[in-house]
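The numbers here are math on the coordinates, done by the rules we state, and not lab data. Only a predicted model underlies this, so the values are computations on that prediction, with no experimental measurement involved. Ideal geometry is used to build each Cβ from the backbone, glycine not excepted, and the neighbour counts take in all protein chains shown.
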Amino acid sequence: MKPGRPGRTAPVSRKPTGVVPVRPVSREHRAVSADSADGAEIDRAGLPDDGAAAVPRRSVLRHLADSRVVRVLRSRRLHLGVAGLLFAAVLALGAWRAYRYLYHSPHFGLKHVELSPTYHVDRETILSMAGLEHGQNLFGISPGRVRVRLLRHPWIRSVTVSRTLPDTLHIELVEHESAAAILFEGEAPCQGDGCTLKDSPFYLVNPEGEVFKRATPEELRGRVIITGVSRELQQKNPAAVTRLIRRSLDFLELYGRVPSRPELSEVHHAHDVLVLTLKHQPCSIHLESSDLPRRLEYLDHLLARLDLPLEKVRVIYLDDRENPSRIVVIPEEEESDGSDKSDKSDKSDKVRP
């Protein structure tokens with residue numbers, strides 16, 4: 001043997017062992033001896049008849065487990081959907097039972113109706129128009145329908161309906177306020193005992209200038225009547241009539257600021273002139289409507305300096321537009337004997353304040 005170099009080791013020589021790796025062979029293809037074959041037959045004889053089908057049955061179950069139907073049945077989405085359906089069914093059942101309890105339980109029967117104070121409409125009329133009965137289910141009462149029914153009454157202007165559990169209904173009413181009356185042109189006042197409310201040509205107006213109902217003779221007492229407005233204008237342009245009524249109401253408010261002025265019974269609109277009819281004197285006053293505050297001041301000066309009583313005065317004119325301070329007073333005609341007849345219809349006193 002040759003000595004090796006220092007620092008180096010000789011490689012180890014490996015000799016083949018003669019073992020060749022063999023690939024495993026399935027038992028199904030391996031030869032079976034006679035002894036082992038007999039043992040197999042004995043083992044199969046000891047198995048039941050369906051033992052031979054065990055392997056195919058397991059494959060069928062595995063196939064079913066991998067099928068789409070089974071995957072859907074095992075999916076989480078299906079489970080959540082079923083749970084949601086059950087929850088919705090429980091909610092629907094609870095809602096139905098709650099509905100039955102609220103709308104059919106005597107605990108929520110109507111026992112108290114609280115009304116705001118009213119002057120023109122009594123309690124029995126309100127309850128009858130609203131269709132309310134004792135013991136009626138509180139949730140079965142529609143506040144909107146009650147409001148619509150009550151607004152049909154001409155005196156009722158606004159309605160607010162609310163409920164207080166378990167058995168109380170609150171109704172707040174606001175009535176119209178009568179500020180004056182109006183008589184449209186072309187409608188003659190009814191006369192006689194057979195005059196009814198349906199035949200009355202007079203209507204009541206509120207402070208906003210709205211016509212809201214026909215007026216009875218009792219409702220006309222103490223009301224100033226506005227005339228000179230045509231029914232045709234009311235039908236064609238109700239907004240213009242409302243503005244005209246408001247002007248009349250503003251004038252009445254201005255006129256009433258001085259208590260010494262004579263009481264009025266009628267305000268007639270004749271184009272740009274207001275004709276005032278006094279209530280206790282047979283006298284009329286003509287005012288030009290361009291500057292009413294100043295013309296009322298002229299009227300106050302005239303009444304303070306007038307020698308004749310108003311019972312002796314027929315007409316007072318303050319309607320001169322070019323000369324507002326010019327006032328014409330026409331007294332009543334005096335009765336005279338047949339022998340001494342004098343025409344005094346043209347007699348007039350002209351006064352300047």
Given a Förster radius of 35 Å and the C-beta distance between residue 242 and residue 128 as r, what FRET efficiency does 1/(1 + (r/R0)^6) yield to the nearest 0.05? 0.65
Sorted by chain and number, the residues with a modelled amide H under 5 Å from that of residue 314, at a separation of 5 or more or across chains, are 330, 332
Could you check the simple spin-label distance between residue 257 and residue 300, using points 7 Å along Cα→Cβ, in nm with one decimal? 0.8 nm
Around residue 283, which amide H atoms from residues at least 5 apart in sequence, or from another chain, sit under 5 Å from its own amide H, with H modelled in the peptide plane? 278
Taking amide hydrogens as modeled 1.01 Å from N in the peptide plane, which residues meet the under 5 Å criterion relative to residue 264, leaving out close sequence neighbours? 279
Apply 1/(1 + (r/R0)^6) to the Cβ-Cβ distance of residue 333 and residue 185, taking R0 = 30 Å, and write down the FRET efficiency to the nearest 0.05. 0.55
At 0.36 nm per residue, and after removing the present C-alpha to C-alpha distance, how many nm does the segment from residue 289 to residue 83 gain when stretched out fully? 66.0 nm
Would you kindly derive the ³J(HN,Hα) couplings of the stretch 253-263 from the backbone phi angles with the Karplus curve 6.51 cos²θ - 1.76 cosθ + 1.60 (θ = phi - 60°), listing them in order in whole Hz, with x for Gly and Pro? 5, 5, 5, x, 5, 9, x, 6, 6, x, 6
Relative to the present Cα-Cα distance, how much length would full extension add between residue 271 and residue 99 at 0.36 nm per residue of separation? 55.5 nm
